[in-house]
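A short write-up of the structure that comes next.
Taken together, the values in this text are just the output of simple stated rules run on the coordinates, not laboratory data. Note that this is a predicted model, so its numbers are computed, not measured. Glycine also receives a Cβ, built like all others from the backbone with ideal geometry; neighbour counts cover every protein chain displayed.
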Number of protein chains: 2
Amino acid sequence: MGIIAGQGDPTASMTLLWGRAEARSGRRAPGPKPGLTVDAIVEAAIAVADEAASAAGLSMRTVAERLGCSSMALYTYVPGKAELLDVMYDRVHAELPTGRSPGEDWRSEVTAWASDLKAFYLRHPWVLQVSYARPVLGPHEQAVLEALLRALSGAGLRAGTLRAVVSSLLHFVQGAARTAAETRRAAAVTGVSDQDWWGTRVTLLNELAPDFADRFPLSTRLASSQSPLAGDEDPADAWERETDDVFAAGLAVLLDGIEAAAGSDGC
Amino acid sequence: MGIIAGQGDPTASMTLLWGRAEARSGRRAPGPKPGLTVDAIVEAAIAVADEAASAAGLSMRTVAERLGCSSMALYTYVPGKAELLDVMYDRVHAELPTGRSPGEDWRSEVTAWASDLKAFYLRHPWVLQVSYARPVLGPHEQAVLEALLRALSGAGLRAGTLRAVVSSLLHFVQGAARTAAETRRAAAVTGVSDQDWWGTRVTLLNELAPDFADRFPLSTRLASSQSPLAGDEDPADAWERETDDVFAAGLAVLLDGIEAAAGSDGC
DNA sequence: TCGATCTCCTTACGCCCTACGGTATCGTCA
DNA sequence: TGACGATACCGTAGGGCGTAAGGAGATCGA
């Protein structure tokens, strides 16, 4: 459901994201000792979202339950759910590598960046549901972008082209990851495996639209060209391999395009 | 929040999608005359979702209000919200052109397809929130896919490459449209214009992270290379033009890549 | 005319987020 | 030492949401 990030108080979110000033002023305020910390809440919330495999499964109640407090206790530390999501979003990006692997050509650097990012999205699919329109502007996400720019710096692109390439790459990885994650989640949530689901649909389609192959000849041909299962292969594994192949092939196409663009950018 | 489509009863959804059998059996059943139709409900639901610019704004209650009935009355015609979304999703795809424009080369055909699709997503941003993992498999969406395949048939790609190219193109268009739609929606929902929002964030960033430019030199340079506003241009228009340029440039990169792949596919 | 059957509504349950006001706790200063 | 007042935390409640259950009324075939 495309959650809008950055919707809460900007000052609150940004302060939480970039080193908290109040954490440094040594003086403790009067009153009872805090039983929680923002860090603990964020960690718990990430764990909840990971398990639910969806931002929709994240509720203040579930987070509070995991921490052994009431949902209202969280509001002492975090202004609201929107700001919590902002911080979760950035924090989890700290997992991604940011260092350069020296001496590699830019193609393999970008490929490594893309597959790291895709794996990351599959570990934390809820990240894909945070809107990218008004970025959270946190340090860890920024580092990921910087890593891509570093990898691409070897390709020699003009600024305009570079912007387009960056967004293409992001959209490509996010799209592929989104599809893969949603497929997994659909199987988990509904309890129906992909093959069963497709089987049911295809049977129904044959009954309800017997003229399918005539109306959509190219789609039909593309679907039937799917490589058949090797005899003893687990269908789920085969599907995984198939999508990996599509990812690699799509990325290769994109990289070819970047190379061509770099050439015409006159470098 | 990535809504899972195809979650309801497959038979129900598919029957609603592919010509309703019961509509043809002439015999009216006893009981009061139906005051609504599935079509009217779907139309109202699409209007609601368009206005809310988000699938989250779509509720059975809102749809019912627009039709002047109670929310429970809808359940006579539609099994549930999931199936309603399935039907909305496919129905709205009927807007898109499906005919081929004869005599054009495949590059301009694909470009036209992509920009039509992007405009469509911007008119109906909620479509982007319906999961693509278990496709609805309705006739109108299928026609859109078939149109792309027809446009690409001139490029001479092997089946494997074709699959990768199709998914790259879809992901690219969806990603670009998603960002654009969410930017618009964020401005509408929060009442804060994009420039104001960015201004606030940048100011905060300067205060909280004065070392930003040192930590992220490439990001800083890319951001500062943005073309400045022409004196009397509306900032919103300038932003629109900027994203259009990025879209066109990204698509061009992708098409270059397709061309290269077609070459190495040996056609 | 008389069921049978269908449409549509009211009610209710169980989720969600969070505003508000009350209470328990503890550092600080007189 | 003792009281003050800031702070942490919770209970309640209000307004969302989807939809199960069951009842009221309309309309058909027999």
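Taken about its Cα centre, segment B:25-177 carries a charge dipole of roughly 360 debye when the Cβ of each Lys and Arg holds +1 and the Cβ of each Asp and Glu holds -1.
Highest GNM mean-square fluctuation among A:139, A:34, A:97, for chain A modelled with Cα contacts below 10 Å: A:34. Between the residues A:209, A:219, A:54, the greatest Cα displacement towards the positive end of the dipole of the protein assembly as shown, with unit charges on the Cβ of Lys, Arg, Asp and Glu, is found for A:54. Maximal additional length on extending the residue A:224-residue A:202 stretch stands at 6.7 nm, based on 0.36 nm per residue less the C-alpha distance.
Each of A:171, A:249, A:35 was scored by the projection of its Cα onto the charge dipole of chain A, and the greatest displacement toward the positive side belongs to A:35; charges sit on the C-beta of Lys, Arg, Asp and Glu. Taken over segment A:10-93, the convex hull of the Cα atoms encloses 95 Å³ per residue. Using Cα pairs closer than 8 Å and at least 6 residues apart in sequence, work out the relative contact order for segment A:24-116, in percent. Contact order relative to length: 22 percent.
If you look at the Cα atoms of segment A:126-267, you get an Rg and a Dmax of 20.0, 57 Å.
Seen from residue A:74, the other residues with C-beta closer than 12 Å to its C-beta sum to a net charge of +1, counting Lys and Arg as +1 and Asp and Glu as -1.
Using a Gaussian network model of chain B in which every pair of alpha carbons under 10 angstrom is joined by a spring, one finds that among B:187, B:223, B:119 the greatest mean-square fluctuation is at B:223.
Dividing the Cα radius of gyration by the Kirkwood radius, what Rg/Rh value follows for the protein assembly as shown? Expressed as Rg/Rh, it is 0.97.
Only alpha carbons enter this Debye calculation for chain A, each as an equal point scatterer, and the log10 of I(q)/I(0) it gives at q = 0.16 Å⁻¹ is -1.25. For residue B:13, neighbours were defined as the other residues whose beta-carbon sits under 10 Å from its Cβ, and their charges (Lys and Arg +1, Asp and Glu -1) total -3. Based on Cα contacts under 8 Å between residues 6+ apart, chain A shows a relative contact order of 22 percent.
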